[in-house]
């Protein structure tokens, strides 16, 4: 399998256009538009004196804070170098031989399974149903008498479709995977925008449920690379044994501890996103020929007119230093699909104007 293509490669575009990185407006990576919290910057300054020491390999202090916020024991938490590191630990550490992936979704699950020599199949949500996650189909496929799946990967809210499953549906999936002695792996990288739907509180009930979280997106610090998972303590111990030593650096640990305690930033971020997402989606719907899919996250999936490809629109916008995520190669999507991060009101207006002009020129 080829390496998954992610958003956020502003460096490549900056090199090609011979401009500084800060001249690129990046709608391809779904990062909190309010920017890096001031509490994080203060934590970096304070923590600089600690970089003469190795990082805490157990992330002890950070795990105490996460345990308190998730209302679980600290030995049920594993911190990693971004949630991607943890995704790649799962297949080997859990002995996953065959997995079902609820798609269309983040390609890193398939990449991790392939690297571990595991097989997988997708079960895609349907475009004509606005990509609502096919819970009944997932239950049927995983629980079928001849099913040999031992894991189900699911992203909630889903990337890139933006759809979110309610807790009750996820509880049904957790019960089904438990009955089959399989694993339910729920990636909650964008759950901070709809925290009521999180299933992290169900981990104590379902020992084969694992919840992945990212700190880099909501707190606008992808360059620091930090994420975590919540699972049964025995599962976390198995994963920890497979993790490279010192994979989470000192600055990432100290910054994460600081920003997690900044409740004002979290509240402000959710309030901003709720309003700006509505305005942005309204603006997108006003553009002729676009299909805009519902979203509970800080990004929106759109479908271009049938005569327009995602690649050509992506290239036109890149020429104007606006970077968007071409989703045309993602399994389960069409060649007309693009994901747009929701940024500041000014930047969103800039993108709407450029996208509108690009669609007009195509006619």
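The values are calculated or read from the model by the stated rules, or taken from the named source; none is laboratory data. Predicted model, so just to flag it, every value in this text is computed and none were measured. Cβ atoms come from the backbone with ideal geometry, glycine included; neighbour counts cover every protein chain shown.
For this structure, a couple of remarks:
- Qualifying residue in segment 301-309 (condition: within 17 Å of the chain's Cα centre (by Cα), closer than 23 Å to residue 214 by Cα and surrounded by fewer than 23 Cβ atoms within 10 Å (Cβ to Cβ)): no
- Residue in segment 14-22 that is crowded, with 19+ Cβ neighbours inside 10 Å, in contact with a helix residue (DSSP H, G or I) (Cβ under 9 Å, 6 or more places away or on another chain), within 30 Å of residue 355 (Cβ to Cβ) and not assigned by TED's automatic domain parsing to the domain that holds residue 201 present: no
- Pairs with Cβ under 9 Å, 6+ apart, first in segment 100-114 and outside the structural domain of residue 163 (by TED's automatic domain parsing), second crowded, with 21+ Cβ neighbours inside 10 Å and outside any loop (DSSP other than H, G, I, E, B): none
- Inside segment 40-64, residues that are in a helix (DSSP H, G or I) and either closer than 28 Å to residue 240 by Cβ or in contact with a strand residue (DSSP E or B) (Cβ under 9 Å, 6 or more places away or on another chain) (or both) make up a count of 15.
- Checklist (1) under 21 Å from residue 98 (Cβ atoms); (2) within 21 Å of the chain's Cα centre (by Cα) applied to residue 180, failing item: (2)
- Taking the listed residues 321, 325, the one that is assigned by TED's automatic domain parsing to the domain that holds residue 19 and surrounded by 18 or more Cβ atoms within 10 Å (Cβ to Cβ) is 325, with no other qualifying.
- Residues that are out of contact with any strand residue (DSSP E or B) (no Cβ under 7 Å at 6 or more places or on another chain) and either outside the structural domain of residue 356 (by TED's automatic domain parsing) or assigned to a loop (DSSP other than H, G, I, E, B) (or both) were ranked within segment 275-294; the one that is surrounded by the most Cβ atoms within 10 Å (Cβ to Cβ) is 287.
Yes/no per residue for (1) within 24 Å of the chain's Cα centre (by Cα); (2) under 23 Å from residue 122 (Cα atoms):
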position: 291; (1), (2): yes, no
position: 299; (1), (2): yes, yes
position: 314; (1), (2): yes, no
position: 318; (1), (2): yes, no
position: 338; (1), (2): yes, yes
position: 355; (1), (2): no, no
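- Residue among 311, 332, 275 that is under 22 Å from residue 36 (Cβ atoms) and out of contact with any helix residue (DSSP H, G or I) (no Cβ under 7 Å at 6 or more places or on another chain): 275
- Some residue of segment 223-243 being in a helix (DSSP H, G or I), without any contact (Cβ under 8 Å) to a residue 40 or more places away in the chain, in the same structural domain as residue 110 (by TED's automatic domain parsing) and crowded, with 16+ Cβ neighbours inside 10 Å: yes
- Summed over segment 15-32, residues that are farther than 18 Å from residue 256 by Cα and under 17 Å from the mean Cα position of the chain (by Cα) total 5.
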